[in-house]
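Heads up, the thing below is written out as C-alpha coordinates.
The values are calculated or read from the model by the stated rules, or taken from the named source; none is laboratory data. On a predicted model such as this, the values are computed, not experimentally measured, just so you know. Because the Cβ atoms are built from the backbone with ideal geometry, glycine has one as well, and the counts that use them run over all protein chains shown. Protein only, heavy atoms only, side chains kept; ligands, DNA and RNA dropped before computing areas. Shrake-Rupley method; radii C 1.70, N 1.55, O 1.52, S 1.80 Å.
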Amino acid sequence: MDHRAVAIIPCSDIDASVAFYALLGFAVVGDFGEYRILADGRGWHLHLTLTPGWPPHIEANPFGLYLYVDDVDAVADRVRDRIIERGAPHRKPWGTYEFAVSDPSGLLVRIGRILDPA
(Lines give C-alpha, C1' and ligand atoms only; values in the text may rest on other atoms or scores of the structure.)
Protein backbone atom coordinates (compact mmCIF):
# COMPACT_ATOMS: atom_id res chain seq x y z
CA MET A 1 0.00 0.00 0.00
CA ASP A 2 1.23 3.49 -0.83
CA HIS A 3 1.59 6.04 1.92
CA ARG A 4 -1.45 8.25 2.27
CA ALA A 5 -2.46 11.16 4.49
CA VAL A 6 -6.12 11.80 5.19
CA ALA A 7 -7.44 15.00 6.70
CA ILE A 8 -9.93 14.83 9.57
CA ILE A 9 -12.00 17.98 9.19
CA PRO A 10 -14.09 19.42 12.02
CA CYS A 11 -17.44 20.81 10.91
CA SER A 12 -20.31 22.47 12.69
CA ASP A 13 -22.94 21.15 10.24
CA ILE A 14 -21.96 17.72 8.97
CA ASP A 15 -24.83 17.46 6.46
CA ALA A 16 -23.95 20.83 4.88
CA SER A 17 -20.30 19.75 4.71
CA VAL A 18 -21.20 16.43 3.05
CA ALA A 19 -23.30 18.32 0.48
CA PHE A 20 -20.44 20.75 -0.20
CA TYR A 21 -17.85 18.01 -0.69
CA ALA A 22 -20.29 16.11 -2.93
CA LEU A 23 -20.12 19.10 -5.30
CA LEU A 24 -16.36 18.57 -5.48
CA GLY A 25 -16.83 14.88 -6.32
CA PHE A 26 -16.80 13.13 -2.95
CA ALA A 27 -19.29 10.48 -1.83
CA VAL A 28 -19.93 9.12 1.64
CA VAL A 29 -18.29 5.70 1.98
CA GLY A 30 -18.75 5.39 5.74
CA ASP A 31 -21.50 6.96 7.84
CA PHE A 32 -21.13 6.82 11.60
CA GLY A 33 -23.55 9.63 12.40
CA GLU A 34 -21.31 12.37 13.72
CA TYR A 35 -18.31 11.00 11.78
CA ARG A 36 -18.38 10.49 8.01
CA ILE A 37 -15.76 9.10 5.67
CA LEU A 38 -15.73 10.50 2.13
CA ALA A 39 -13.86 9.45 -1.01
CA ASP A 40 -13.99 10.14 -4.72
CA GLY A 41 -12.93 6.68 -5.88
CA ARG A 42 -9.74 8.04 -7.47
CA GLY A 43 -7.58 8.84 -4.47
CA TRP A 44 -9.22 11.68 -2.53
CA HIS A 45 -10.23 10.77 1.02
CA LEU A 46 -11.60 12.94 3.82
CA HIS A 47 -13.02 12.31 7.25
CA LEU A 48 -15.60 14.76 8.61
CA THR A 49 -16.26 14.98 12.32
CA LEU A 50 -19.14 16.93 13.85
CA THR A 51 -17.76 19.64 16.11
CA PRO A 52 -20.58 21.90 17.33
CA GLY A 53 -19.50 25.52 17.60
CA TRP A 54 -16.47 25.09 15.30
CA PRO A 55 -15.14 27.50 14.39
CA PRO A 56 -16.28 30.18 16.83
CA HIS A 57 -16.41 32.61 13.85
CA ILE A 58 -16.29 31.28 10.29
CA GLU A 59 -13.57 33.79 9.37
CA ALA A 60 -11.43 32.38 12.21
CA ASN A 61 -10.93 28.94 10.64
CA PRO A 62 -7.14 28.79 10.17
CA PHE A 63 -7.05 25.50 8.25
CA GLY A 64 -6.82 24.68 4.58
CA LEU A 65 -6.90 21.68 2.28
CA TYR A 66 -5.31 21.20 -1.15
CA LEU A 67 -6.87 18.70 -3.56
CA TYR A 68 -4.88 17.71 -6.64
CA VAL A 69 -6.87 16.73 -9.73
CA ASP A 70 -6.15 16.38 -13.44
CA ASP A 71 -9.26 18.20 -14.70
CA VAL A 72 -9.35 21.37 -12.61
CA ASP A 73 -11.87 23.05 -14.93
CA ALA A 74 -14.41 20.22 -14.56
CA VAL A 75 -14.37 20.58 -10.77
CA ALA A 76 -14.48 24.38 -11.04
CA ASP A 77 -17.59 24.15 -13.23
CA ARG A 78 -19.42 22.33 -10.41
CA VAL A 79 -18.68 25.11 -7.88
CA ARG A 80 -18.28 28.17 -10.12
CA ASP A 81 -20.56 30.34 -7.92
CA ARG A 82 -18.42 29.59 -4.84
CA ILE A 83 -14.96 30.35 -6.23
CA ILE A 84 -13.23 32.97 -4.09
CA GLU A 85 -10.84 34.58 -6.56
CA ARG A 86 -12.27 36.31 -9.61
CA GLY A 87 -11.25 34.73 -12.92
CA ALA A 88 -10.03 31.50 -11.33
CA PRO A 89 -8.99 28.89 -12.04
CA HIS A 90 -5.78 30.25 -13.44
CA ARG A 91 -2.02 29.79 -13.43
CA LYS A 92 -0.26 30.73 -10.20
CA PRO A 93 3.37 31.93 -9.90
CA TRP A 94 4.27 28.79 -7.92
CA GLY A 95 3.54 26.54 -10.91
CA THR A 96 -0.02 25.39 -10.40
CA TYR A 97 -3.34 25.88 -12.17
CA GLU A 98 -5.91 26.25 -9.40
CA PHE A 99 -8.87 27.88 -7.72
CA ALA A 100 -10.12 28.14 -4.13
CA VAL A 101 -13.46 27.80 -2.33
CA SER A 102 -14.50 27.75 1.33
CA ASP A 103 -16.39 24.87 2.89
CA PRO A 104 -19.40 25.56 5.17
CA SER A 105 -17.13 25.85 8.23
CA GLY A 106 -14.77 28.31 6.55
CA LEU A 107 -12.03 25.82 5.66
CA LEU A 108 -10.07 27.05 2.63
CA VAL A 109 -10.10 24.38 -0.10
CA ARG A 110 -7.74 24.80 -3.05
CA ILE A 111 -8.20 22.56 -6.08
CA GLY A 112 -5.46 22.41 -8.67
CA ARG A 113 -2.79 20.62 -10.61
CA ILE A 114 0.93 21.08 -11.02
CA LEU A 115 1.83 22.57 -14.40
CA ASP A 116 4.64 21.31 -16.57
CA PRO A 117 7.60 23.71 -16.45
CA ALA A 118 7.35 26.18 -19.30
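When Lys92 is tested against (1) among the charged types (D, E, K, R); (2) closer than 17 Å to Leu108 by Cβ; (3) open to solvent by 40 Å² or more (accessible area, probe 1.4 Å), only condition (3) is not met.
Of all the listed residues (Glu98, Glu34, Glu85, Glu59), the sole one being open to solvent by 20 Å² or more (accessible area, probe 1.4 Å) and at pLDDT 95 or above is Glu34.
Would you point out the residue of the stretch 1-49, among those that are outside any strand (DSSP E or B) and among the β-branched types (Val, Ile, Thr), that is nearest to Arg110 (Cα to Cα)? So that I can check it myself, show each step before the final result.
Step one: of the stretch 1-49, the residues outside any strand (DSSP E or B) are 1-6, 12-26, 32-34, 40-44.
So of that shortlist, the ones also among the β-branched types (Val, Ile, Thr) come out as 6, 14, 18.
Values: Val6: 15, Ile14: 20, Val18: 17 Å.
Residue satisfying both the conditions and the ranking: Val6.
Across the stretch 73-96, the number of residues qualifying as in contact with a Phe, Trp or Tyr (Cβ under 8 Å, 6 or more places away or on another chain), more than 16 Å from Phe26 (Cβ to Cβ) and not charged (D, E, K, R) comes to 5. Can Pro104 be described as open to solvent by less than 30 Å² (accessible area, probe 1.4 Å), touching a residue at least 24 places away in the same chain (Cβ under 8 Å), not acidic (Asp, Glu) and not in a helix (DSSP H, G or I)? Against the criterion (open to solvent by less than 30 Å² (accessible area, probe 1.4 Å), touching a residue at least 24 places away in the same chain (Cβ under 8 Å), not acidic (Asp, Glu) and not in a helix (DSSP H, G or I)), Pro104 does not qualify.
Go through (1) in contact (Cβ under 8 Å) with a residue 12 or more places away in the chain; (2) small (Gly, Ala, Ser); (3) in a loop (DSSP other than H, G, I, E, B) for Ala76 and report which single condition fails. Evaluating Ala76 over (1) in contact (Cβ under 8 Å) with a residue 12 or more places away in the chain; (2) small (Gly, Ala, Ser); (3) in a loop (DSSP other than H, G, I, E, B) leaves (3) as the failure.
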